[in-house]
Amino acid sequence: MSNKAWGGRFDEELDAIAARFSASVDVDGRLWEQDIDSSIAHVRMLAGQKIVSTEDAEQVVAGLETIRASIERGEFEWDADKEDVHMNIEAALTKAIGEAGGRLHTARSRNDQVATDMRLWTRQACHSIAGDIDALLAVLVDKAEAHIDFLMPGYTHLQRAQPTRLAHHLLAWVEMLERDRSRVLDAAKRMNESPLGSAALAGTTFPIDRAATAEALGFDRPMQNSLDAVGDRDFLLEAVSALAICSVHLSRVAEELVLWSSQEFGFVQMSDTFTTGSSIMPQKKNPDMPELVRGKTGRVVGSLVNLMVMLKGLPLAYNRDLQEDKAPVFEAFDTVHDCLAVLAGAIGSASFDKARMADALQAGFLDATEVADWLAARGVPFREAHHVAGKLVHQAHQLGKKLAELPLETYQQAHASFDATIFDALDMETAVERRDVLGGPARKRVTKAIEELRGRLEARRGS
Ligand code: ARG
């Protein structure tokens, strides 16, 4: 932007390095659609309030629509000398329609303009992420349903702990992502207030109608305080916090896919379409996609830290520091969008290995809890039952046997209450089916959870 364009205040041009340093259009150019929408709402309101003439307002709207079309066609010439998206569009408008273009900025400042644009952009980005999450959820629910018969070890401390179902595990991911989705939408709800009309910081002397612009832009209401409206970016902290939590979840999912696709686990085979080879080891098929999802978490969490630090200690109201909000917000949304899409593809095309999971259930004494529960169900205090089961595990371990391979006498030596029905309890299918509690892995519980989730996903698709 030429300093001359700011009016009579300047004798000299901005230094070249200062100009490059402060220009933001390469980043905020992405707000063009919101910028045009908010300008149209503003100028229509100005005409409605008789602050500008209807003819001028119509010319401005037509001019902005022409600019919209030229941006859509990729023909608009962005100019870093014009600093940011707002100045680029306004300059093009004035060039196209002349004097009337200069009236658009009446009763407005770039400070309320950019705050409005960012709220509009982020609101729609939150809704779009919610849709991306739904797409991944649909894949997970399908996989859960298709693999309802697959038993697998559940882990604590990454040690085999108790038997469960693959579907139960996949539905745990679903629950994590459901909460992420609701957090993102919650942020979208709270940010849905209009800063427009706050002008530079203290409102305007013109008789504007803030409720009209708020309504035209789909906001719930105008923001109550002009200093707050232009000076805070907590709505971005909230949205990016929700994304950061989501990407931590995605990273955990990704980590399990990496582990499960290792030779050591062998629970899952990623498809060729979502794996890569090695340039040196011909046998390799690497789970790069989940690794990258895991790795990209740093970008999203980093974006949150970036925003927090940028905002901390800023005095009210607008400060140019706030211009730095855009890159981390765009980066966080872009990254989470890609990660969700990649995981949906990778999981959707992966195949799970029933036999490997069943094999893993055989070693590791996953039935030890069954032994303790069997005794406790017959009146033995759980602590004592736990001790007895532990002793039996110890004995079996020393003999190189499984619990089911110990003779009944050994059980009865450990505790007089044992009878032959203990061996039924040691069957893995039975062990899973007996976990017939809300939230547990018994088939009918998991099937019900799948049905409920399907209903919810369908209702959302319909709405
Ligand atoms: N590009 C600026 C930003 O994103 C727009 C607001 C400029 N306001 C100002 N007072 N210099 O923050």
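The values are calculated or read from the model by the stated rules, or taken from the named source; none is laboratory data. Quantities reported herein were computed from a predicted structural model and do not represent experimental measurements. Neighbour counts are summed over all protein chains in view; Cβ atoms, including those assigned to glycine, are modelled from backbone coordinates with ideal geometry.
Out of curiosity, is Asn111 in contact (Cβ under 8 Å) with a residue 24 or more places away in the chain, within 14 Å of the ligand (Cβ to nearest atom) and of a type outside the set (A, V, I, L, M, F, W, C)? Yes; evaluated as a whole, the condition is true for this residue. Does Ala125 satisfy being out of contact with any His (no Cβ under 7 Å at 6 or more places or on another chain) and away from the ligand (no atom under 12 Å from the Cβ)? It is true that Ala125 is out of contact with any His (no Cβ under 7 Å at 6 or more places or on another chain) and away from the ligand (no atom under 12 Å from the Cβ).
When restricted to residues that are within 16 Å of the ligand (Cβ to nearest atom), under 14 Å from Val43 (Cβ atoms) and either acidic (Asp, Glu) or surrounded by fewer than 21 Cβ atoms within 10 Å (Cβ to Cβ) (or both), segment 88-97 contains 1.
A residue that is within 16 Å of Gln113 (Cα to Cα), in contact (Cβ under 8 Å) with a residue 24 or more places away in the chain, surrounded by 19 or more Cβ atoms within 10 Å (Cβ to Cβ) and among the β-branched types (Val, Ile, Thr) cannot be found anywhere in segment 254-261. Filtered by the rule that a residue be under 15 Å from Glu370 (Cα atoms), assigned to a helix (DSSP H, G or I) and free of Cβ contacts under 8 Å to residues at least 60 places away in the same chain, segment 431-445 gives a lone residue, Glu433. Note on segment 43-87: among residues that are small (Gly, Ala, Ser) and over 35 Å from the mean Cα position of the chain (by Cα), the one that is nearest to the ligand (Cβ to nearest atom) is Gly63. Within segment 155-166, the set of residues being assigned to a strand (DSSP E or B) and in contact (Cβ under 8 Å) with a residue 24 or more places away in the chain comprises Gln159, Arg160, Ala161, Gln162, Pro163, Thr164, Arg165.
Taking segment 315-342 as the range and being surrounded by fewer than 21 Cβ atoms within 10 Å (Cβ to Cβ), more than 16 Å from the ligand (Cβ to nearest atom) and over 23 Å from Gln34 (Cα atoms) as the test, the residues that pass are Ala341, Val342. Residue pairs whose Cβ atoms lie under 7 Å apart, sitting 6 or more positions apart in sequence or on different chains, and linking a residue in segment 318-334 that is on the phi < 0 side of the Ramachandran plot to a partner that is within 11 Å of the ligand (Cβ to nearest atom) and of a type in the set (D, E, K, R), are Leu322/Arg233; Asp325/Arg233; Lys326/Asp28. The residue that is surrounded by the most Cβ atoms within 10 Å (Cβ to Cβ), among those in segment 266-314 that are among the aliphatic types (A, V, I, L, M) and closer than 19 Å to Ala350 by Cβ, is Val293. The criterion of being in contact (Cβ under 8 Å) with a residue 60 or more places away in the chain and over 15 Å from the mean Cα position of the chain (by Cα) holds for Ala350. Which of the residues that make up segment 192-231 are surrounded by fewer than 20 Cβ atoms within 10 Å (Cβ to Cβ), assigned to a loop (DSSP other than H, G, I, E, B) and under 27 Å from the mean Cα position of the chain (by Cα)? Across segment 192-231, the qualifying residues are Asn192, Gly218, Asp220.
Look at segment 63-86: where a residue is without any contact (Cβ under 8 Å) to a residue 40 or more places away in the chain and within 19 Å of Met118 (Cα to Cα) and a partner is within 16 Å of the ligand (Cβ to nearest atom) and of a type in the set (Phe, Trp, Tyr), sitting 6+ places away or on another chain with Cβ atoms under 7 Å, you get Ile71/Trp32. If the condition is being out of contact with any Phe, Trp or Tyr (no Cβ under 9 Å at 6 or more places or on another chain), surrounded by fewer than 22 Cβ atoms within 10 Å (Cβ to Cβ) and not in a helix (DSSP H, G or I), then segment 98-112 contributes only His105. For Leu120, the conditions (1) within 30 Å of Leu201 (Cα to Cα); (2) away from the ligand (no atom under 16 Å from the Cβ); (3) buried (at least 18 other Cβ atoms within 10 Å of the Cβ) all hold with the exception of (2). Here Leu340, Leu311, Leu316, Leu366 are screened, and the one residue that is within 36 Å of the chain's Cα centre (by Cα), among the hydrophobic types (A, V, I, L, M, F, W, C) and at pLDDT below 95 is Leu366. Of all the residues in segment 369-381, those that are assigned to a helix (DSSP H, G or I) and either farther than 18 Å from Gln413 by Cα or among the charged types (D, E, K, R) (or both) number 4.
Every test in (1) closer than 24 Å to Leu151 by Cα; (2) in contact with a helix residue (DSSP H, G or I) (Cβ under 9 Å, 6 or more places away or on another chain) is passed by Phe382 save one, and that test is (1).
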